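Bear in mind these aren't lab numbers, they're just calculated from the coordinates by the rules spelled out. Every value quoted in this text rests on a predicted model; they were computed, and no experiment measured them. Using ideal geometry, Cβ is built from the backbone for each residue, glycine included, and neighbour counts are taken over all protein chains shown.
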Amino acid sequence: VEGARHSARGLSEERGQGALELLCLTRLGGGDLVLGKLFSGALSSLYSLLAILPVLGLPLLSGGVSGAEFARLALALVLTLFLALCAGLYMSARSRNGLKALFATLGLLAAIAGLPPLLDLLLHAGRLTAANAGLALVSPALALRLVLDANYGAAPHAFWLCQAAAHLLGCAFLLAAS
């Protein structure tokens, strides 16, 4: 939600205030504007994520989770943040109203996180596992589930495919926004 909040309102509010037209008069292209908004939104969101990671690492100190689990969690959260930022920019580029872009982004992210695992669950008659996940590999929710050693050990390739899918989907949103 943090990434969506920072990026979904960027381009649409600039367009609503008339500042986007002024930026278009410069030698900046559409891709430059989108990347600038991505980095400005990513900066504060990434700082927020970096601030919470030590708290998430406390079970590591007590032996409750392994270092590999923590590293996979940190990677999954960073790529989920990237996906949320890019989806927010995509919706912001399509909307004139910042609040509408924010709600559209949240709806899009909920659909990305929930629909693919639900469809896979229906296709596999209620027995969705990491080994038979197909559409669910697009979902950041499955990636966060596969962080645990027990789930990762059953199908390590599924975790990495989830990360690659999140990265590719984020890049697709970024290209569509510019």
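Which stretch or stretches of region 81-109 have amide N atoms under 14 Å from the point lying 7 Å from ALA176's Cα along the Cα→Cβ direction?
Within reach of a label on ALA176: 83-95, 104-109.
Evaluate Rg over Rh across region 47-99, taking Cα atoms for both radii and Kirkwood's formula for Rh.
Rg/Rh for region 47-99 comes to 1.20.
Taking every pair of Cα atoms in region 132-178, average 1/r, invert it to obtain the Kirkwood radius, and report Rg/Rh to two decimals. Provide the component values of the computation, followed by the final result.
On the way: Rg = 11.8 Å, Rh = 11.0 Å.
For region 132-178, the value is 1.07.
Mind checking the full-extension length gain between HIS167 and ARG96? Use 0.36 nm per residue of separation minus the Cα-Cα distance, one decimal, nm.
22.9 nm
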